[in-house]
Amino acid sequence: MATKKPENLSFEQALEELTTIVSEMEQGDLSLEQSLKQFERGIALASASSGKLQQAEQKVSILMGNDEKAPLTHFDNDME
């Protein structure tokens, strides 16, 4: 199965793959070549994810009317 390009993954998919890569590298069972390949993939995933977050921030800014003085409120994610 071909690996998708990082920019074609959703934020959640990229984050999940990045978490898997970190776990594999922390175990220390990969060869140097495999580690470098995974590191390169991880950097690409992190970069793509960062871009997606920036796009989301821009959308939020537009939706808030680009008002820099608009008050931000604490988001409480308690789903009790």
Fill in the blank from the handout: So residue 4 and residue 32, fully extended at 0.36 nm per residue minus their Cα-Cα distance, gain in nm 7.8 nm
Handout entry: Within the range 1-56, GluC sites (Glu not before Pro) in DSSP loop having at most 11 other beta-carbon neighbours inside 10 Å
Key = none
Fill in the blank from the handout: Largest-first ranking of 15, 30, 9 by accessible area, probe 1.4 Å, whole protein assembly kept, is 15, 30, 9
Practice task
Sort 11, 39 by accessible area with a 1.4 Å probe, largest first.
Solution key: 39, 11
Practice task
Equivalent ellipsoid semi-axes for the range 1-70, as square roots of 5 times the alpha carbon gyration tensor eigenvalues: give them largest first, rounded to whole Å.
Solution key: 33, 12, 9
Handout entry: Neighbour net charge for residue 7 - beta-carbon separation under 14 angstrom, K R +1, D E -1
Key = +3
Completion exercise
Rounded to whole angstroms and listed largest first, the alpha-carbon spread of the range 1-40 along its three principal axes comes to 28, 17, 17
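The values are calculated or read from the model by the stated rules, or taken from the named source; none is laboratory data. Because the structure is predicted, anything quoted here is derived from the model rather than measured. In this analysis, Cβ positions are derived from the backbone assuming ideal geometry, glycine residues included, and neighbour counts consider all displayed protein chains. Please note that ligands, DNA and RNA were not included when accessible areas were found on the heavy atoms of the full protein model with its side chains. Shrake-Rupley method; radii C 1.70, N 1.55, O 1.52, S 1.80 Å.
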